[in-house]
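Note sheet for the following structure.
The values are calculated or read from the model by the stated rules, or taken from the named source; none is laboratory data. Computed from a prediction, not measured in an experiment: that's the story for all the values here. All Cβ positions, glycine included, derive from the backbone under ideal geometry; neighbour counts span all protein chains shown. Ligands, DNA and RNA are excluded from the accessible area calculation, which covers all protein heavy atoms including side chains. Shrake-Rupley method; radii C 1.70, N 1.55, O 1.52, S 1.80 Å.
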Amino acid sequence: MSDKMQEIDHEKEKQDILKAYRKLLRAAKRYEAKGDLKLVRKAFDVALDAHKDMRRKSGEPYIYHPIAVAEIVTTEIGLGAKSIVCALLHDTVEDTDLTVEDMRRMFGDKVAQIIDGLTKLSGVLDIQEDKSLQAENFRKMLLTMSSDIRVILIKLADRLHNMRTLESMRRDKQLKIASETMYLYAPLAHRLGLYSIKTELEDLSFKYIEPELYEEIVAKLKESQAKRTRFINKFSFPIINSLNEAGIDYEIKGRTKSVYSIARKMKSQGVPFEEVYDIFAIRIITNSELDHEKPDCWKVYSIVTDHYVPNPSRFRDWVSKPKSNGYESLHTTVMSESGKWVEVQIRTKRMDDIAEKGLAAHWKYKETGKAGSPTQSAESGFDEWLAKVRELLESPDRNAIDFIDDFKLSLFAEEIFVFTPNGEVRTLPADSTSLDFAFDIHTEVGMRCIGAKVNGKLYPLSYQLKSGDQVEVLTSNKQKPKEDWLTFVVTTKAKSKIKQALKEEKREVANEGKELLDRKFKQWKITNDREMVDKIQKHYRLQASQDLFIKIAKKSIDLKDIKEFIENTRNAGKWYNVLRKRITGTDSSTGSTETVKPKSSDKGDTVVIGDANQKMDYVMAKCCSPIPGDDVFGFVTINEGIKIHRTNCPNAIHIRSNYAYRIVPATWANKEDHTSFVTGILITGIDDVGLVNAITTVISKDLNVDMKSIAFESNDGVFEGHIKVMVEGIHHLNNLMNNLKKVNGIKKIVREDELDD
Ligand code: MN
């Protein structure tokens, strides 16, 4: 009988899978996916057969995943049949017996090439043994991306579906995947102009990284929905009337901020939900013919500002000159009757499509022949950006980690437009300097840059450019890159080229120093040079032998001192072993190395904080100063044992996405032993005589709280107090903060992340 049950289940499962497939096919037709839909059926059959015995963590047949990814690819990104085929097959080469050759035979060169790219990328998702490997993988991803952008678009769809179904994973996997998504995938989606996917990726990551705050914001958003709707209706009413009178074909929407952006605002400004929840944008989308787009947008702008006064400093025109990721829109912020600023976004249906779906929508408009000049500039802007990425990736001898850090910074940057002396427009990230501009023109121009004329006036290299500036670079053959240039350039290209040049120079100096030392070694009759260099380097606490050679070449370490050191150590005998013991806690005679890696026996071990039997050494991280009750994890450091961080520490995302292998779980011991932990609170309020007194009274009344330090600053009647207290845990701290809230004049109390000594 059980056999029969099984059979019926299989039959039903088959029917359900077919249903899901037909839904995908309908979606492809609705979104006018270009290309051969017969090929889609073939891909579905191949994928279904290849994955037939596999199931996802949730228990459902694996094939649902590729189908869902394919659906995202067509409905949410707007790609064609070939991409649907690749999405359906994206995990086959990685997880089944099928090969790239099979793909080529069945689906042709292009599909095989894209699936090959996707397969190579899958390493990015694995937990990496070390950071440089991880960075190398990101770099690989970018390289693949610049060869066929569809690889990265399908990868983003894959990641989006994995994030949507993250529930069934283990907590540590959830955190790792969520952090990675926040660290790289969301910024990439942003850069490619896929705004709705970017927002969803951020919200989903945030949901797993800080579940409590996420749920709180979601609940409060729901609660305040009616109030918001009323406000939007009231605000839009006069605009709607005038738009109708003017006979404009339009659609109007109120857009709430995403959960994640509300959380970010609450944190960065230290304000409660109530002070940010009603910040939203009104979007007016016109249905315009291509050659009427610009006048239509301006007509709407004129109507909006007839009713409400605009804030001139917050006006943006991305219709005349789109962002380099293709974004086009007019933004203005106006004052509403209730005294609140409201952002109004004005754009056409085509622009809105591009804003939601990114560059894939560009192609769509281009292919259907609807495109005119407006898309042209947006597209060339994007191509320009891709060309820059490619150029960077091709530069040899680049430290992958540095590259990713620099590159990541540039993903979110706002942009400015500046002009060459000939009137050619260049797009640069906001805060770019004349030196960035010089590197943008040409690497050699950057290397030799000594200053620039901006709008005819002479300025230094570090001058920050503004949109509309016209820049002429001044160069000299005697100039060469300097260390301090790195403190003000912002573009990835400038940073990368300067670092490369400095490294080259350092290498030359180091070689000089090494030759000097070698000669001395011969004089002193030292036979084992390498071991000795190692000893000297440790003596001066230098990171690398190169640093030692440079110091010797620059004479900041005297060779006489080195000679003395060598003589002393010879006399001291076993100094090395002693020193080593002190630095690493290991004995060189046992042969263990100083690289910190969690021993295999530690795997799965949890650091129990406050437990007397705890064998592992740990300290509280200063960046987030955890206290009992906080959700925490341990991070194995090279020199300071295990550091305990809060799961919502500002550094946690970076740590998790780069050093997952060095993370150990941590919890708090449950017993009440009245150990205290230091943490910081930040109080702001209106300055008043006696306020400081009132605060210290509240704190000292609580007999269990020790105040470690207190610093007050007052500025034009607003005061800011930084207080460090010793508390037993989160409940204790909340209690104290609640008591402080009752003090008259206090406006805001937040826990402070950064504790500097
Ligand atoms: Mn997948």
Between Phe315 and Glu245, what is the label-point separation in nm under the 7 Å Cα-to-beta-carbon projection? 2.2
Apply the a/c threshold of 1.5 to the C-alpha gyration tensor of region 10-209 and tell me whether it is rounded, prolate or oblate. rounded
With every protein chain left in place, what is the accessible area per residue of region 10-209 in square angstrom, probe 1.4 Å? 40
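How much FRET efficiency would the formula 1/(1 + (r/R0)^6) give for Val445 and Lys747, where r is the Cβ-Cβ distance and R0 is 51 Å, rounded to 0.05?
Details: r = 51 Å, r/R0 = 1.00.
Rounded to the nearest 0.05, the efficiency is 0.50.
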Using amide H atoms built 1.01 Å from N in the peptide plane, name the residues 5+ places from Trp668, or on other chains, whose amide H lies under 5 Å from its own. Ile609
Exposure ranking of Leu290, Leu330 by accessible area [1.4 Å probe, largest first]: Leu290, Leu330
Beta bridges by DSSP in region 218-358, antiparallel share as percent, to the nearest 5: 75
Listed by chain and number, the residues whose amide H is under 5 Å from that of Asp687, excluding neighbours fewer than 5 places away on the same chain and using placed H, are Val718, Phe719
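If I compute solvent accessible area with a 1.4 Å probe over the protein chains, what percent of it on region 218-358 is carbon and sulfur? Before the final figure, lay out each step's value.
Numbers: 3450 of 6850 Å².
Roughly 50 percent, rounded to a whole number.
What do you reckon, how do Phe488, Phe549 stack up by accessible area (1.4 Å probe), largest on top?
Reading off the accessible areas and sorting them downward yields Phe488, Phe549.
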How large is ³J(HN,Hα), in whole Hz, for each residue of region 243-260 in order, when computed from phi with the Karplus curve 6.51 cos²θ - 1.76 cosθ + 1.60 and θ = phi - 60°, using x for Gly and Pro? 5, 5, 4, 6, x, 8, 8, 8, 9, 10, 9, x, 10, 7, 5, 6, 4, 5
What list of ³J(HN,Hα) couplings, whole Hz, do you get for region 32-41 from phi and the Karplus terms 6.51, -1.76, 1.60, once you set θ to phi - 60° and write x for glycine and proline? 6, 4, 7, x, 8, 6, 5, 4, 5, 4
What Rg and what Dmax come out for region 218-358 when only alpha-carbon atoms are used, in angstroms? 15.6, 46
Considering only protein heavy atoms, what is the solvent-accessible area of His654 at a probe of 1.4 Å, reported in Å² to the nearest 10? 70
Among the listed pairs Lys155/Lys622; Lys34/Lys57; Lys497/Lys554; Lys453/Lys499, which are separated by more than 31 Å between their Cα atoms? Lys155/Lys622; Lys34/Lys57
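In what sequence, largest accessible area first, do Tyr540, Tyr195, Tyr208 appear using a 1.4 Å probe? Before the final figure, lay out the partial values.
Values: Tyr540 70, Tyr195 40, Tyr208 20 Å².
Result, largest first: Tyr540, Tyr195, Tyr208.
Please give the peptides 258-271, 736-749 ranked by average Cβ packing (other Cβ atoms within 10 Å per residue), highest first, as a rough proxy for protection. Please report the intermediate quantities before stating the final value.
Values: 258-271: 17.4, 736-749: 15.5.
Going from most to least packed, we get 258-271, 736-749.
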So who's got an amide H within less than 5 Å of the one on Arg56, skipping anything under 5 residues away but keeping other chains? H placed 1.01 Å off N, in plane. Tyr62
Quick one: Cα convex hull volume of region 24-102, Å³ per residue? 89
Can you give me the distance in nm between label points at Glu167 and Gln225, each placed 7 Å from the Cα along the Cα-to-Cβ direction? 1.9
From phi via Karplus (6.51, -1.76, 1.60), per-residue ³J(HN,Hα) for region 225-231 in Hz, x at Gly/Pro: 4, 4, 4, 5, 4, 4, 4
